[in-house]
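The values are calculated or read from the model by the stated rules, or taken from the named source; none is laboratory data. Just so we're clear, the structure is a prediction, and the values are computed from it rather than from any experiment. Glycine gets a Cβ as well: all are built from the backbone with ideal geometry, and neighbour counts include every protein chain shown.
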Amino acid sequence: MNGRLIQVSAGILLLVSIASAEAIGAATPAGAEGPALVRLAGTPGQIGTIWGAINKEHIVRDLEAAYVKRAAAAGISRDTLLERSAPSLQIIEKIAPHWLEEARATARAAGVDEELYLAYLDGVVRNRFLGEDPEECTSYAVARDHARNAAILFHKTRDNRDAPQAAYLVESSLEGINKFIAVSNATGILGLSMMVNEKGLAGAGDYPANRKKDSSTLRLESAPDRFRGIMGGTILRHIAERASSCAEALAIIEDCVAKGWYAGGNVGGNHWLFVDREGTILEVCNNPGHVVSKVHTQKAYLSRLNKSTAARRLRESTEPVDFSLFRSVSRDPSICFGSSISGMTVEIDPDDPARFTCAWIALPVRSVAFPVLMGQSRTPACLVDGTAYESGKKSPHAIEQWERLEESMHAQKERLKEELAASIAAGNPEEVHVERLDNWSSEQAAVIVTTYQGK
């Protein structure tokens with residue numbers, strides 16, 4: 001692999017790795033090169049500056065169109081926007097002040113108003129400054145004793161407005177902050193839609209049970225809607241950074257509700273699904289006043305659309321559910337729609353989650369999934385900057401082609417794990433293993449990008 005440094009705006013140096021065709025080998029079409037890799041690591045200021053430099057165009061456009069202009073049309077001034085966001089910023093100052101440092105660095109790198117950007121990050125979610133409803137989402141899991149080779153599997157599909165989606169691996173230099181892989185809008189890292197962290201905890205948040213179609217989720221006592229506080233996506237990042245199990249995730253949600261911090265707007269509440277390295281499947285529902293939860297042990301759990309073809313495919317499978325079936329269900333027309341803008345399937349490695357847990361990220365859901373391993377140090381830039389999302393939307397390729405490609409990549413990933421396990425046992429330096437994981441991710445991204453381009 002040949003590495004080089006490229007200068008970008010705000011004086012940031014991004015390590016961009018170009019994988020040669022020789023390094024990629026037979027898996028990559030002739031003449032293809034691996035895409036740039038981005039390292040989102042270091043201090044909050046460093047992470048924020050890199051993000052702002054990469055996603056400046058998305059940030060500038062969405063801040064103006066989805067927030068400032070819409071607020072002005074509703075007669076809401078800049079001062080009112082800042083006032084309405086103040087409670088969320090006060091809470092963030094208590095639980096994760098480094099997010100504020102990160103967000104300010106992002107705003108500076110993107111060249112936008114720092115105070116407005118801080119107000120926008122949590123306040124724009126569910127359009128709480130306007131009082132409008134978003135779309136629903138779907139999450140599912142399969143009990144470990146019904147999965148092939150006792151695999152631990154998790155999936156989340158996000159349904160929402162068409163907006164550039166980003167996927168990334170974040171590794172903070174701050175003590176006590178977990179490394180994690182997540183998906184969100186390309187405009188910021190604060191509000192996560194789905195995540196998995198180095199401790200082997202995967203999670204996602206979406207619509208509350210009373211707003212879902214054909215839902216088997218828990219029922220809550222009613223509570224008054226709250227518009228001032230922090231939303232589920234913000235809490236999910238806190239969980240990604242601090243929790244290591246389903247029980248710890250639940251404790252964080254309970255603490256936020258007990259302290260009056262959760263605000264769900266006029267949607268009222270949140271639904272959550274968590275899966276951890278022990279194979280625990282935990283469903284949680286909350287509103288501003290209550291939290292209920294349940295550990296699920298049935299063959300397959302879906303957060304909604306339980307009578308769908310997708311649900312039946314999982315429940316009625318006569319064989320143990322393998323990776324291919326689990327992934328395929330995410331594209332089933334009964335749960336995959338035009339609004340399904342992003343999805344993440346996670347294989348949690350119970351023995352070495354910090355290295356071999358793998359997130360398969362599809363932008364949008366009907367497109368092919370890019371594999372990202374937790375042991376990597378960098379993410380393909382096309383995932384971070386929204387390029388993969390735009391390419392995926394335009395791709396005319398059939399689902400069958402994507403499924404064959406994913407099966408091939410999955411087989412390669414399993415062989416890679418065996419190779420690295422042997423190398424680790426032999427006592428080789430850790431940096432060798434990290435580089436091999438980075439290279440492999442770049443190789444797979446190169447194949448996908450080349451396929452998008454029709455080469």
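Could you count how many residues in the stretch 103-153 are in a loop (DSSP other than H, G, I, E, B) and either aliphatic (A, V, I, L, M) or modelled with pLDDT under 95 (or both)?
Summing the residues that are in a loop (DSSP other than H, G, I, E, B) and either aliphatic (A, V, I, L, M) or modelled with pLDDT under 95 (or both) in the stretch 103-153 gives 14.
Checking each residue of the stretch 357-368 against the condition of being out of contact with any helix residue (DSSP H, G or I) (no Cβ under 9 Å at 6 or more places or on another chain) and surrounded by 17 or more Cβ atoms within 10 Å (Cβ to Cβ) gives at least one match.
Condition (residue is surrounded by 18 or more Cβ atoms within 10 Å (Cβ to Cβ), more than 21 Å from the chain's Cα centre (by Cα) and of a type in the set (D, E, K, R)) applied to the stretch 88-106: is it met by at least one residue? Within the stretch 88-106, one or more residues are surrounded by 18 or more Cβ atoms within 10 Å (Cβ to Cβ), more than 21 Å from the chain's Cα centre (by Cα) and of a type in the set (D, E, K, R).
Hey, can you tell me all the residues within the stretch 376-410 that are under 15 Å from Glu443 (Cβ atoms) and not hydrophobic (A, V, I, L, M, F, W, C)? Result: Gln376, Arg378, Thr379, Pro380, Glu406, Ser408, His410.
Selection of the stretch 268-286 for residues being at pLDDT below 95 and not in a strand (DSSP E or B) yields Gly268, Gly269.
Going by the structure shown, is Arg304 in contact (Cβ under 8 Å) with a residue 60 or more places away in the chain, in a loop (DSSP other than H, G, I, E, B) and touching a Gly at 6+ places or on another chain (Cβ under 8 Å)? So Arg304 fails the test.
Val346 falls short of the stated requirement of being at pLDDT 95 or above, part of a loop (DSSP other than H, G, I, E, B), aliphatic (A, V, I, L, M) and under 14 Å from the mean Cα position of the chain (by Cα). Applying the set (1) touching an Asp or Glu at 6+ places or on another chain (Cβ under 8 Å); (2) at pLDDT 95 or above; (3) not polar (S, T, N, Q) to Val257 leaves exactly one unmet item: (1).
The set of residues in the stretch 154-174 being within 16 Å of Ala354 (Cα to Cα) and either out of contact with any helix residue (DSSP H, G or I) (no Cβ under 6 Å at 6 or more places or on another chain) or among the hydrophobic types (A, V, I, L, M, F, W, C) (or both) consists of Leu169, Val170, Glu171, Ser172, Ser173.
Residue-level check: of (1) of a type in the set (A, V, I, L, M, F, W, C); (2) touching a Phe, Trp or Tyr at 6+ places or on another chain (Cβ under 9 Å); (3) modelled with pLDDT under 95, Ala86 misses just (2).
Counting the residues of the stretch 352-392 that are farther than 27 Å from Val60 by Cβ, touching a His at 6+ places or on another chain (Cβ under 9 Å), assigned to a loop (DSSP other than H, G, I, E, B) and not hydrophobic (A, V, I, L, M, F, W, C) gives 1.
Looking at (1) closer than 14 Å to Gln376 by Cα; (2) among the hydroxyl-bearing types (Ser, Thr, Tyr); (3) touching a Cys at 6+ places or on another chain (Cβ under 8 Å), find the lone condition where Ser193 falls short. Exception for Ser193: condition (1).
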